[in-house]
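Data block below; observations after.
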Ligand code: CP
């Protein structure tokens, strides 16, 4: 019997089982093979229409979803808040209901409000995929990150992963913690006290404020940018960007001084010279572009599996 996801929507990694994640990975393996063929397209979703609703800026996630949908032969409509009637005061639910009246089966949404994807899933009849909701979750990023670790190191189980930077304002960090732990990795977070949520140890992660100690501990370092757009403008989280870089930026000298070769990741967008220097981002230890490549296969797998579940429920 064909395996199915345990969920109707992808709202967050928290809702997925380990088996769901493994199913997404094995489906992504098949789609990765398709993406390496001369004709990178399959007819699987010819009966499905997907709306990509982006209320926040995006380069990678938006392009990756659109490409994934087109590689599966789905019909695709794109919506950008900056050029829509949201600017004229239309609510989220009215916007989405209008799009659904055009017979859309699936909605991929990025929004600044945590919980907005859950809200949508409770009010409309379409499969919802969270492409990042405020500081809450960014599930497909975590899936592609873990998939890239599995590809590079053979498995995620037993690996030590440190997430460095602005953990407090990062949906990528939260989704990564859930995903990596479900797959059996050990997770550490590293950054200044002001950028690490209080009580995060309760999630089962190790907290380390010293970057060198964190890097010596890990197999993989996932370097995050400072999420300026989500920080409270009235709060100073560190004395200056220069001081942050001196303490938490990863440069080649530091990378080469470690007692083992670690894998370097970054979800993007990169602020070169702040959290990571160009020579590290472009080094052979970096898998940043593999993450982007794997994002298409992972998103194809997520969309395909959610569509399969929706078809069998009808
Ligand atoms: N990693 C990520 O979400 O990048 P974008 O904001 O460009 O989509």
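Observations
- The chain: most fluctuating residue of 186, 291, 227 per GNM, C-alpha cutoff 10 Å: 227
- Backbone N within segment 163-197 under 11 Å of label point (7 Å from residue 157 Cα along the Cβ vector): 183-185
- The chain: Cα Rg divided by the 2.2 N^0.38 Å rule of thumb: 0.99
- With neighbours defined as other Cβ atoms within 10 Å of a residue's Cβ, the residues 156, 161 order from fewest to most as 156, 161.
- Evaluated at q = 0.25 Å⁻¹: base-10 log I(q)/I(0), Debye formula over Cα of segment 178-229: -1.17
- Crossing angle, helix 171-182 versus the chain [Cα axis fit, 0-90 degrees, rounded to tens]: 90
- Cα gyration tensor, segment 109-266 - rounded (a/c under 1.5), prolate or oblate: oblate
- GNM result for the chain, Cα springs below 10 Å: residue of 290, 219, 279 fluctuating most strongly: 279
- Remark: 15, 105 ranked as 15, 105, counting other beta-carbon atoms within 10 Å and listing the fewest first.
- In degrees, nearest ten, helix 288-313 long axis to first principal axis of the chain (Cα): 30
- Shape of segment 37-111, Cα gyration tensor, a/c cut at 1.5: oblate
- Helical runs (DSSP H, four residues minimum) scored at -39500 (n - 2.57) apiece and divided by the length of the chain put the mean residue ellipticity at 222 nm at -12000 deg cm²/dmol.
- Remark: spin-label model distance residue 113-residue 212 equals 4.8 nm, labels positioned 7 Å along the Cα→Cβ axis.
- Gyration tensor over alpha-carbon atoms, segment 78-198, equivalent ellipsoid semi-axes in Å: 33, 18, 11
- Over all directions, the projected convex hull of the C-alpha atoms in segment 258-314 averages 5.6 nm² in area.
- With Cα atoms, 0 to 90° folded angle of helix 139-153 axis to the chain main axis: 60
- Residue among 180, 250, 92 with the largest mean-square fluctuation in a Gaussian network model of the chain, springs linking Cα atoms under 10 Å: 92
- Proxy reagent accessibility, fewest Cβ within 10 Å first, across 224, 10, 241: 241, 224, 10
- Residue 231/residue 282 FRET efficiency (R0 22 Å; Cβ-Cβ; nearest 0.05): 0.20
- In terms of its C-alpha gyration tensor, segment 16-158 has a prolate overall shape, because the principal axis ratio a/c (a ≥ b ≥ c, square roots of the eigenvalues) is not below 1.5 and a/b outweighs b/c.
Bear in mind these aren't lab numbers, they're just calculated from the coordinates by the rules spelled out. Computed from a prediction, not measured in an experiment: that's the story for all the values here. Cβ coordinates were reconstructed from backbone atoms using ideal geometry, including for glycine residues, and neighbour counts include every protein chain displayed.
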